[in-house]
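Undergrad: Sharing a structure below in structure tokens format, with a few things to ask.
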Amino acid sequence: MSGGSGSTTVTRRSALGGRWMQAALLLVLWFALWGEVSWANLFSGIVVIALTLVALGTPARTHHVHPIGLARFAATFLWLLISSSWTVAVAVLRPTPERIRTGVVSCPLIQSDPFVATVIADSITLTPGTLSLDVRSEPPAIEVHVLGLGDPDDVRADVARLERLVLRALTPIAGQTGHGSDTAGDSGSGSGGAS
């Protein structure tokens, strides 16, 4: 009986720690929006954030966040933004048939978790020269429009690499993600051999 009580205490502490982290991040955002750190902004921010967190309640966690994986994903995404911006700028300033060739590539995904697919699709769309057109769950795939299309297999490999990075940063919790929970366990065993 005491083991269950200890587990509940750890869960409550974890949830409380997560709420404090949310509040701290929202307060930083509040200061950034106002453009200055002052007593008035501190007190008004605390009131607004407290009311917001109480009104929204505590959502159930559907993914584990891995800080190191998240940092790797962020660094890779930043590099993609810089390199693809350069590629698009060159294509605009010095167009050639190869640089302005476009096409749509269907890229299979490892699993069909909706949140992971959304992060991948948004990352692709935010990267200059690419645009996510459609995300399918059966079979899991994403349609990508590409500027400067060369080998479609290179695009598929890039999307697969991006998906692995996202899955290392945001791992679906079994039984919590609805549609993608059935395949979350399969992706762990399948991606181990592909890495």
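The values are calculated or read from the model by the stated rules, or taken from the named source; none is laboratory data. Model, not experiment: these values are computed from the prediction. Please note: Cβ atoms are built from the backbone with ideal geometry, for glycine as well, and neighbour counts cover all protein chains shown.
Undergrad: May I ask you to list the residues in segment 44-58 that are part of a loop (DSSP other than H, G, I, E, B) and without any contact (Cβ under 8 Å) to a residue 12 or more places away in the chain? Before the answer, list the steps.
TA: Step one: list which residues in segment 44-58 are part of a loop (DSSP other than H, G, I, E, B), which gives 57-58.
Hit for segment 44-58 is Gly57, nothing else.
Undergrad: I'd like to check something: does segment 66-73 contain any residue that is loosely packed, with under 13 Cβ neighbours inside 10 Å and of a type in the set (A, V, I, L, M, F, W, C)? Write out each step before concluding.
TA: Going through segment 66-73, the residues loosely packed, with under 13 Cβ neighbours inside 10 Å turn out to be 67-68, 71.
Filter once more, so that each one left must be of a type in the set (A, V, I, L, M, F, W, C): 68, 71.
Yes: segment 66-73 contains one or more residues that are loosely packed, with under 13 Cβ neighbours inside 10 Å and of a type in the set (A, V, I, L, M, F, W, C).
Matching residues to (1) farther than 17 Å from Thr127 by Cα; (2) modelled with pLDDT of 90 or more; (3) hydroxyl-bearing (Ser, Thr, Tyr):
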site: Leu29; (1), (2), (3): yes, no, no
site: Val48; (1), (2), (3): yes, yes, no
site: Leu56; (1), (2), (3): yes, no, no
site: His63; (1), (2), (3): yes, no, no
site: Ala71; (1), (2), (3): yes, yes, no
site: Ala75; (1), (2), (3): no, yes, no
site: Ala89; (1), (2), (3): no, yes, no
site: Cys107; (1), (2), (3): no, yes, no
site: Ser112; (1), (2), (3): yes, no, yes
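Undergrad: While we're on this one: Checking Ala55 against (1) surrounded by 12 or more Cβ atoms within 10 Å (Cβ to Cβ); (2) under 22 Å from Leu27 (Cα atoms); (3) of a type outside the set (S, T, N, Q), only one condition comes out false. Which one?
TA: Every condition holds for Ala55 apart from (1).
Undergrad: Exactly one condition in (1) of a type in the set (Val, Ile, Thr); (2) in the same structural domain as Val159 (by TED's automatic domain parsing); (3) free of Cβ contacts under 8 Å to residues at least 40 places away in the same chain is false for Val28; which is it?
TA: With respect to (1) of a type in the set (Val, Ile, Thr); (2) in the same structural domain as Val159 (by TED's automatic domain parsing); (3) free of Cβ contacts under 8 Å to residues at least 40 places away in the same chain, Val28 is out only on (2).
Undergrad: Test Ala91 against the stated conditions and say whether it is surrounded by fewer than 18 Cβ atoms within 10 Å (Cβ to Cβ) and outside the structural domain of Arg19 (by TED's automatic domain parsing). I'd like the intermediate steps shown before the answer.
TA: On the way: surrounded by fewer than 18 Cβ atoms within 10 Å (Cβ to Cβ): no; outside the structural domain of Arg19 (by TED's automatic domain parsing): yes.
So Ala91 does not fit the description; no.
Undergrad: Hey, among the residues in segment 106-135 that are hydroxyl-bearing (Ser, Thr, Tyr) and assigned to a helix (DSSP H, G or I), which one's farthest from the chain's Cα centre (by Cα)? Break it down stepwise before answering.
TA: Pass one, segment 106-135, residues hydroxyl-bearing (Ser, Thr, Tyr): 106, 112, 118, 123, 125, 127, 130, 132.
Cutting the leftovers down to assigned to a helix (DSSP H, G or I) gives us 118, 123, 125.
Details: Thr118: 7, Ser123: 7, Thr125: 12 Å.
By that ranking, first place goes to Thr125.
Undergrad: If you take the residues in segment 136-156 that are within 20 Å of the chain's Cα centre (by Cα) and part of a helix (DSSP H, G or I), which one is nearest to Leu93 (Cα to Cα)?
TA: First pass over segment 136-156, keeping only residues within 20 Å of the chain's Cα centre (by Cα): 136-137, 140-145, 155-156.
Subsequent filtering for residues that are part of a helix (DSSP H, G or I) retains 155-156.
Details: Val155: 23, Arg156: 27 Å.
So, considering only residues that are within 20 Å of the chain's Cα centre (by Cα) and part of a helix (DSSP H, G or I), the one nearest to Leu93 (Cα to Cα) is Val155.
Undergrad: Every residue in segment 146-160 that is over 15 Å from Leu133 (Cα atoms) and either among the β-branched types (Val, Ile, Thr) or touching a residue at least 40 places away in the same chain (Cβ under 8 Å) (or both), please. Can you show your working first?
TA: Quick first cut of segment 146-160, residues over 15 Å from Leu133 (Cα atoms) only: 148-154, 157-158, 160.
If the condition is that a residue be over 15 Å from Leu133 (Cα atoms) and either among the β-branched types (Val, Ile, Thr) or touching a residue at least 40 places away in the same chain (Cβ under 8 Å) (or both), then Gly148, Leu149, Gly150, Pro152, Ala160 are the ones that fit.
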